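Please treat every number below as a calculation from the coordinates, not as lab data. Since the model is a prediction, treat every value here as computed from it, not as a measurement. No Cβ is skipped: glycine too gets one built from the backbone with ideal geometry, and neighbour counts run over all protein chains shown.
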Amino acid sequence: MPRIPRGSLDGHVFHVLNRGNNRARLFTKAGDYTAFLDLLSNAKDRVPVGLFAFCVMPNHFHLVVQPGQPHELSAFMQWWLTSHVRRFHRYHRSSGHVWQGRFKSFPIQQDAHFLTVLRYVLLNPVRAGLVAHAGDWPWSSLHYPHVLDPAPVPAPRDWHQLLAQPVGEAELEALRTSVTRQAPFGDPQWQHRVAQAGDLQSTLRPRGRPAAKK
């Protein structure tokens, strides 16, 4: 898979995620989570991105953000994760890779697809079997509304009811494809338009060799 030219898309919302190196657990106690989220707030002060949702899990995190300028997503993530790595090594007296590598991201269409991504992010602990309800997990943006920005798509009135329901299988499959391939998440027309604008066409192509001509 080629490197995704993250800086070539302006004004889009992105789903961003990363995992611990070799899927290692990085957060074992409350202090680990709160320190990581303090750094998130500091990163936002340094690089003013729009922040709409997040969820920090024991060995990975999800984030929904909107950089104002094309280069700001990488600058934001570099400061946040580099600062965390330094803190992690100081605390554990360790060295080496902490995160799996370069973070993954994909653009999101700002309509119902945006709300689907928010549900996907906030319901992560429920799908993992860590809690029964999204609000029971203390390390998501549901408990940190003061650091969030106004969302480009307002939440519907039944938002809390929607968070009590799992994301549908078809939506989950489409989202997992976007996570794996870093492909735009939206309706087909929008996907292809954004892929062309951001040089992401390869993320939408079927995998494997093309079928032989008969």
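Some points to look at:
- Full extension of the segment from ARG102 to THR180, taken as 0.36 nm per residue of separation minus the current Cα-Cα distance, would add 26.7 nm.
- Sites ASP199 and VAL147, calculated FRET efficiency, Cβ-Cβ separation with R0 35 Å, nearest 0.05: 0.65
- Note on the stretch 6-198: Rg/Rh from Cα positions, Kirkwood definition for Rh, rounded to two decimals, is 0.94.
- Extended-chain gain in nm, criterion 0.36 nm per residue less alpha-carbon gap, GLN189 and GLN69: 40.8 nm
- Residue-normalised convex hull volume from the C-alpha trace of the stretch 78-181: 149 Å³ per residue.
- Here is the list for the stretch 176-208: trypsin sites (Lys or Arg not before Pro) lying in DSSP coil, each with at most 10 other C-beta atoms within 10 angstrom of its C-beta, are ARG207.
- Legend: ranking of residues PHE27, PHE185 from fewest to most surrounding C-beta atoms inside 10 Å; resulting order PHE27, PHE185.
- Computed from the C-beta positions of HIS160 and ARG46 and an R0 of 41 Å, the FRET efficiency is 0.80 to the nearest 0.05.
- Based on C-alpha pairs under 8 angstrom that are at least 6 apart in sequence, the stretch 1-155 has a relative contact order of 33 percent.
- Adding -39500 (n - 2.57) for every DSSP H run of four residues or longer, then dividing by how many residues the chain holds, sets the calculated 222 nm ellipticity at -11500 deg cm²/dmol.
- A convex hull fitted to the Cα coordinates of the stretch 53-111 yields 103 cubic angstrom per residue.
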